[in-house]
Every structure is written in structure tokens, then in C-alpha cells.
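Let me begin by presenting the structure, written as C-alpha cells, before commenting on it.
The values are calculated or read from the model by the stated rules, or taken from the named source; none is laboratory data. None of these values were measured; they are calculated from a predicted model. Neighbour counts run over all protein chains shown; Cβ positions are idealised from the backbone, glycine included. For accessibility, only protein heavy atoms count, side chains too; no ligands or nucleic acids. Shrake-Rupley method; radii C 1.70, N 1.55, O 1.52, S 1.80 Å.
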There are 2 protein chains.
Amino acid sequence: MLTSHQRKNDPEALRARLLDCAASLITEEGLPALTLDKVARLAGVSKGGLLHHFASKQALIDGLFAQVVAWFNGRVDALIAPDRNASARFSRAYLAVIAAIDMDEPEQRRLAVLILMLSSDPHHCARWNAWVEARLERHRSTDRSPLARTLRLAADGLWLSELGGGPDSGLEARSQVLGFLESLGSGTALSLATAKAGEP
Amino acid sequence: MLTSHQRKNDPEALRARLLDCAASLITEEGLPALTLDKVARLAGVSKGGLLHHFASKQALIDGLFAQVVAWFNGRVDALIAPDRNASARFSRAYLAVIAAIDMDEPEQRRLAVLILMLSSDPHHCARWNAWVEARLERHRSTDRSPLARTLRLAADGLWLSELGGGPDSGLEARSQVLGFLESLGSGTALSLATAKAGEP
DNA sequence: GTAAAAAAACCGTCTGGACGGTATGTCTTG
DNA sequence: CAAGACATACCGTCCAGACGGTTTTTTTAC
């Protein structure tokens, strides 16, 4: 029992748990099947409690989306910071973050799956694009080459494939592609070495 | 009023129109927002009329899915047939079909959007994978290289980006990437020249 | 420090509407 | 007149959100 003797009310933890449970449900049953009841039940609260923290279902999903984007953004920054090679810096980091996602780790898989789920909605799609465009603006001096574009597209494809469990997913396929892109970049001052490093 | 004086009954046309309207709605509002009522109304029939042709909502979506896959399959075949270069034949065709999609043509855009929409559902995702795997099996002697994989992934990324209207979409971006991949392939017996050809 | 007051956190129930699907017609076509 | 093509009416379910209450926490007042 968690509710033993001391009631440390901790609303923020609940908020986080609600987000977490929602993410979990989406990965398992898809976004259309998400209901407030299920989220509330899984989180161990009433629906009223849920609606206290998130005024509407949309607000819940938006919260989830914001969390994912923030996470992704952070990962990208973490990879860009120590990168001494300017060429396509952002796009390489973009690819690296996606390629480094471990689909067997529930938490990471969760975060990854989400963006696809949300991307099927034009509204969130636009928000994601806004983020990418903002970052591209920041890196406009380094990430406007066709190579940079291609890297990003390959990353998206990798992502999509990985999520769907397609024939080009899995560790083996991924490292094949990564290796190919790497070899390709060695001739054009591209290095994806940092891509394989995990945490700092 | 369309229902003026002459009722040319033509059930097949209606069936096609229903599929068309459903596709249209999905592209605009996303699959989760699709309802039988909307489809019926947009097609100018009653819900009962719709359900006469498609026994359930699932049947409607399945019908749509089958149509898209058949279309895609046909396009790929049309590109493979005259291709004298064996290397990564299927994967190049895969990329070419996607790259050749004109997003300004409502019909093509519709077909393209669908697969993403459907891919957000694990069930359809599996069906799509099954198709790809079947084709890969047929082309296992030509499309197992890392390059082939990369081509397919880039295609998926292109597709995804184009659908969402992201920063890497549009004719300019597309031709940049196409050109890059082409130049890259020129050293490895890869030619995407056929990719730019439209209809025969 | 402590009691009162206010606010926030959370619960359980209810409802109005949407939506998938059915049942039963009516009309057209062959 | 039989069968398919469609319309109309209706049912059961599910679900988002509203509402009113109860408990916990924080603030205020003394």
C-alpha cells in the first residue's frame, strides 16, 4: 500500500502520472481508443480528479504533446552542445536522437510512439512543424543543405518504420542504415559518431 | 439540387464516391474524427444508404485501405517493368512513386494521406507491413542492400513530411533530396531518372 | 502557535449528445 | 413481381464534461 500512514498529497506527481498513463494507453490501444475513464482508472483516481488537473481531454493530449516535444528538444540540445562539427549539426542530432531510441524501453517507446499518434492529427502536426521550423531557423547557417534535409527525412522514415514494426525496423536494419549514412558522410565532412553515444 | 429529374442509379459510382468522401474527410479532419454520418452527408446519401454498401465502419475503412494499396502496388509495378537496372529496383520504384505524388492534386494527396492515417492504427499498420514484406520477398535478390533500405526510409520520411506540410515538403525540397540521392547513387549504379517520369 | 477561513485537490453521479448499428419501409430496375 | 438500392426512424452504448459534495492543504488572523 502506498497510502499507508502519510498522505503526501503531491498533485504534481499525480499530474505526471496521469500524463504517463495516458501515454501508456495510447501506445497500447491507439489514440482514438483513449478515454478519460481509462486514464483515470489506470492512474487510480476518479474522472473528476483527472478533470481537475486537465480541463478537457484536449488539454490532456496537449500536455502530453508538450512534454514529448520538450523531451525531444532537450535530447537534441544535449547532442548539439559537444558537437565540434558544424555541418548539418542539428539534422545529425535529430537523426541521432531518433536512432538512439530504444524501442524495448517502455518509456522511450512511449515517447516515440506518441508523436506519430499525435501527428495523425493535423492540429498537432502543425505544432510539430512549428517546432522544427523554429529550430531550423536557429540553425539556418548549418542545416540547409540537401544532405541535411535527407538526413532528417531518413530519420523520419526510420522513426515511422520503427514504430510500425516494419521490415526496416529493428537493431540490425537500423545499424545498417546508420552505417550507410555514416560512410556516405565520411566523404562530405559528416560524422554520425556522436549518434551512437547514449547519455553523457 | 442534384436529384433533379433523372435518377441514373449507378450503385458502383456511389460506392466509389463514398470511398472518395471518406478519404476526403480523413485528410481534412483525421481518421478519429471520421463518422458515418459525415461520410453519408458529404456523399449526399443517407446513413442507411452508406451501410448498404459497407456493412460497417470498419468495412468502409478496409475498403479504402485496399484501394490505396492496390493503387500503390500498380504504380510500383508500372515503374519496375521498364527498369533495366536491377539494383534496388523495387526500392527505387517505391521512392519514385512517393516522390512523384503531386500534393496539389486532390486525388493523389488523398491517397497519400490515407496510409499515414491508417498507419496510426496498429491493425492497418500490420497490413501495410505485410504488403511491403511480400514485395520484398519478391525482390529479395535486388533489394536487400543498406542502400535499398535507406532509399525506402527516405521515401517514408519524404512522404510523412509531405503529408504534414513540414519544412522539408514542397517541390523545391523534394527535388533537392531527389537530386542528392541521385548523385549519391551515380557512384553505385543507382539511377532515379525514372522517378521523374509521370505516366507512361 | 493555533484556530478560522479560504483554496485547492479529489470523489461519485448524472446527463446530454454523438455515434455505430438495426429494422422497416419505399421506390426503382430488370 | 422479385431483388437490389436507398431512405427514415429508431435503439443501445459509450463517453466527455458538468455538478455538488468531501477531504486535504495553505493562507490568514489573532
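General observations
- Test result for B:LEU163, at pLDDT below 85 and facing chain A (nearest Cβ under 9 Å): yes
- Among the conditions (1) of a type outside the set (A, V, I, L, M, F, W, C); (2) closer than 14 Å to A:SER161 by Cβ; (3) more than 7 Å from chain A (Cβ to nearest Cβ), B:ARG152 misses just one, which is (3).
- Single condition B:GLU107 does not satisfy, out of (1) open to solvent by less than 70 Å² (accessible area, probe 1.4 Å); (2) assigned to a helix (DSSP H, G or I); (3) more than 16 Å from DNA strand C (Cβ to nearest atom): (1)
- Residues of segment B:123-142 that are assigned to a helix (DSSP H, G or I) and either modelled with pLDDT under 90 or among the charged types (D, E, K, R) (or both): B:HIS123, B:HIS124, B:CYS125, B:ALA126, B:ARG127, B:GLU133, B:ARG135, B:GLU137, B:ARG138.
- Residue count for segment A:9-40 under the criterion of being more than 19 Å from A:ARG109 (Cα to Cα) and near DNA strand C (Cβ under 10 Å from one of its atoms): the result is 10.
- Among the residues making up segment A:63-77, those that are more than 17 Å from A:ASP143 (Cβ to Cβ) and either touching a His at 6+ places or on another chain (Cβ under 7 Å) or in contact (Cβ under 8 Å) with a residue 12 or more places away in the chain (or both) are A:GLY63, A:LEU64, A:PHE65, A:GLN67, A:VAL68, A:VAL69, A:TRP71.
- In segment B:123-133, residue least open to solvent (accessible area, probe 1.4 Å) [restricted to those that are more than 7 Å from chain A (Cβ to nearest Cβ) and closer than 18 Å to A:GLU28 by Cα]: B:HIS124
- Of the residues making up segment B:143-153, at least one is in a helix (DSSP H, G or I), closer than 28 Å to A:PRO32 by Cα and at pLDDT 90 or above.
- Residues of segment A:136-185 that are β-branched (Val, Ile, Thr) and either under 22 Å from A:ALA112 (Cα atoms) or touching a Cys at 6+ places or on another chain (Cβ under 8 Å) (or both): A:THR150, A:VAL177.
- Qualifying residue in segment B:114-122 (condition: open to solvent by 10 Å² or more (accessible area, probe 1.4 Å), within 16 Å of DNA strand D (Cβ to nearest atom) and either part of a helix (DSSP H, G or I) or under 23 Å from B:LYS38 (Cβ atoms) (or both)): yes
- The C-beta contact set for segment B:153-175 (first residue not assigned by TED's automatic domain parsing to the domain that holds B:ALA96, second residue open to solvent by less than 30 Å² (accessible area, probe 1.4 Å) and in a helix (DSSP H, G or I), distance under 7 angstrom, 6+ apart or interchain) is empty.
- Segments classed as helices (runs of 4 or more DSSP H), wholly inside segment A:1-101, with at least 1 members that are near DNA strand D (Cβ under 10 Å from one of its atoms), within 14 Å of chain B (Cβ to nearest Cβ) and open to solvent by less than 60 Å² (accessible area, probe 1.4 Å): A:57-80
- Being more than 25 Å from B:ALA33 (Cα to Cα) and touching a residue at least 60 places away in the same chain (Cβ under 8 Å) is a property that does not hold for A:GLU137.
- In the set (1) surrounded by 23 or more Cβ atoms within 10 Å (Cβ to Cβ); (2) at the interface with chain A (Cβ under 9 Å from one of its Cβ atoms); (3) part of a helix (DSSP H, G or I), B:ASP168 fails one condition alone, (3).
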